[in-house]
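Input: a single structure, listed below in structure tokens.
What follows draws every value from the coordinates through simple rules; no lab data is involved. Because the structure is predicted, anything quoted here is derived from the model rather than measured. When we count neighbours, we look across all protein chains shown, and the Cβ atoms used for this are built from the backbone with ideal geometry, even at glycine.
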Amino acid sequence: MLVAVRESVADRSAVDWAARRAESRAVPLTLLHAVPDPSLMPPGTAYEEVVSAGRELLNREAARVTLEHPGLRLATYLYCGDVVEALLGLSAAAPMIVVGADRRDLRTGEFKDSVALQVALNSSAPVVVVPPAYTYGPANQDKGGAVVGIDGSGMSQVALIRGAEEAHSAALHLTVVVASGPLTERMEVTASTMLQDVRVRYPHMRVSWIVDDAHSPVQLLNAYGRGSDLVVIGRHGTGARSGMSLGRVTRKLLLDPPCPTLIVTRRQPGLPDGS
């Protein structure tokens, strides 16, 4: 797994989420931090100091993670250049990429960057976007479960299977949300087939199936995602109704994710983390 470290405080939720998941799956984790390319630095900048500061940041985060997860296999990677370029370049080989949600300017409300959005919409690997305020501890051991948004497309079916696998591995219940519309009858046939596939794979898992004709997909995923452990959606869906296109849903949802949100980017479902 690969997790971006952009600022030690702002992205700590993403690093902690990635460390817990990597440890639970017994897979190695790499912390990646990018420093600006030397050509973009102001004249007179001591670039070696910039590089040293980046290394120190990685070393601090690595020490903190190792202390909390002593059995985790951990590596660090310092990249000189754009962080999006680094993550996308490594996405072909990475089983999963974890990034913190893009941050807003507290004064204007505008987003300061679009790292999470660019990575999620272009990565070859599945991407998890973790909101900055997300925490996991004794207060929420009664887990909120996993939520999957579907639209009847082949991509959303892949997302459903991935969401079911994630829920099964973490002993969570699964909630599937569908925005109903004029083609509900057609959707119900597709949904029945999808649900049957999940039941065959995970016969003992608790599954809730929610069909809603009063709210948009983003409203539904936000409502059911709040307090949940994971939201799973497929990228670039072209479902039975144009209003449920997961390409647009992905963009809107990732601007303010309700909880860690997994964007499934590969059409062929496989074993978790490529193992």
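Quick look at the values:
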read-out	value
Estimated FRET transfer efficiency (residue 252, residue 103; beta-carbon r; R0 22 Å; 0.05)	0.80
Extension gain, residue 47 back to residue 211 (0.36 nm per residue minus Cα-Cα distance, nm)	53.5 nm
Spacing of the two label points (7 Å from each Cα toward its C-beta) at residue 114 and residue 20, in nm	3.1 nm
Ranked packing of 25-31, 205-211, most packed first, by mean Cβ within 10 Å	25-31, 205-211
Burial order of peptide ranges 58-71, 38-51 (average beta-carbon count within 10 Å, highest first)	58-71, 38-51
Label-zone membership for the range 1-34, site residue 202, 7 angstrom Cα→C-beta point, backbone N under 11 Å	none
Separation of the residue 9 and residue 59 label points, Cα + 7 Å toward Cβ, nm	2.2 nm
Local electrostatic count, residue 61, Cβ distance below 12 Å [Lys/Arg +1, Asp/Glu -1]	0
Extension gain from residue 173 to residue 30, taking 0.36 nm per residue of separation minus the Cα-Cα distance	48.6 nm
Around residue 218: net Lys/Arg minus Asp/Glu count, Cβ-Cβ under 13 Å	+1
Estimated D of the range 30-71 in µm² per second, where Rh is the Kirkwood radius over Cα pairs and Stokes-Einstein applies at 10 °C, 1.306 mPa s	135 µm²/s
Nitroxide proxy distance, nm - points 7 Å out along Cα→Cβ at residue 193 and residue 226	3.6 nm
